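The values are calculated or read from the model by the stated rules, or taken from the named source; none is laboratory data. Model, not experiment: these values are computed from the prediction. All Cβ positions, glycine included, derive from the backbone under ideal geometry; neighbour counts span all protein chains shown.
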Amino acid sequence: MIGRRAALALPALLAARPAAALVLPERITQGMLVVGRAPRGTRAAAFEGRAIRVAPEGTLAFGTARDAGPEATITLTNAEGRPETRRITVMPRQWDIQRLNGIPDRFVSPNAEAMNRIRAEQERLNAARRTDTPVPHFAEGFAWPATGRISGIYGSQRVLNGQARAPHLGLDVAVPTGTPLVAAAAGRVTLAEDLYFTGNTILIEHGHGITTFYAHMSRMDVRVGQEVSRAQPIGLSGATGRVTGPHLHLALFWFNVALDPHPVLPGGLTEGWR
């Protein structure tokens, strides 16, 4: 029930009055977007030594990596300028193994020219994911960009054509090419580009370094710098980049930390999430 509580408690938590003490979800797991509220008068905050924003009403957010734990620290600087550190437990999760075959070799073992392109694209992705704007749009909650069969889940160990590769760090929704896609939450477009592995790809930052990532699109209908609202159309699904069929790959990031998008989506306790 962790995921359901996290998703449904989000708006209620943020609508509450300013807290007298730090408020966080009851349980925190690997790969989780953690949204909380800092005490009144908090000047600054940091998670594992990384500074995080505190909105005027106290809203804060951070993310735990797929392999995080078993403990982490959050430090708050109070109104008198005194830092206080709190240790939190990060609960482990179990990960599936997903085997995919029939993928063109150039997407499994790219040549030197392709690797140069991939490295340059990774730098642009990293730069886009460093965006940190002050308005916490994520606090309004998230909508499904598209609905369909879940064909891939966050955290799965990927075996491509028999070769072990990096874990799958997103959620795959199997939908036909040309299915309209919408923004999961309000924010600003920080990247809209055709990338080697993910094809036509859009990133939208939702405040405090929280970004959603939409991949393999057949068409992109927004541009970098554009402000979008929740559920606004952003393009069409497709099968561009490294795919075995048309689908939307949806990812969620806190800066460059990949998080599980499934628990923050409405009804995010479908099969495959644990």
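Some observations on this one:
- Scanning the range 218-229 for residues that are in contact with a strand residue (DSSP E or B) (Cβ under 8 Å, 6 or more places away or on another chain) and either under 10 Å from Pro180 (Cα atoms) or not in a strand (DSSP E or B) (or both) returns Ser218, Arg219, Asp221, Val222, Arg223, Val224, Gly225, Gln226.
- For the range 121-135, the set of residues classified as surrounded by 14 or more Cβ atoms within 10 Å (Cβ to Cβ), charged (D, E, K, R) and either within 15 Å of the chain's Cα centre (by Cα) or at pLDDT below 95 (or both) consists of Arg129, Asp132, listed by residue number.
- Test for Thr177: is it touching a strand residue (DSSP E or B) at 6+ places or on another chain (Cβ under 6 Å), surrounded by fewer than 20 Cβ atoms within 10 Å (Cβ to Cβ) and assigned by TED's automatic domain parsing to the domain that holds Gly155: yes
- Residues being in a helix (DSSP H, G or I) and surrounded by 12 or more Cβ atoms within 10 Å (Cβ to Cβ) - total across the range 109-119: 4
- Output for the range 180-197, where each listed residue is crowded, with 20+ Cβ neighbours inside 10 Å and in a loop (DSSP other than H, G, I, E, B): Ala183, Ala184, Ala185
- Number of the condition not met by Val228 [criteria: (1) among the hydrophobic types (A, V, I, L, M, F, W, C); (2) crowded, with 19+ Cβ neighbours inside 10 Å; (3) at pLDDT below 95]: (3)
- Per this entry, Ala45 is not counted among residues that are modelled with pLDDT of 95 or more, outside any loop (DSSP other than H, G, I, E, B) and either of a type in the set (D, E, K, R) or surrounded by fewer than 20 Cβ atoms within 10 Å (Cβ to Cβ) (or both).
- Residue list for the range 199-220, restricted to those being farther than 21 Å from Thr64 by Cβ and surrounded by 23 or more Cβ atoms within 10 Å (Cβ to Cβ): Thr201, Ile202, Ile204, Tyr214, Ala215, His216, Met217
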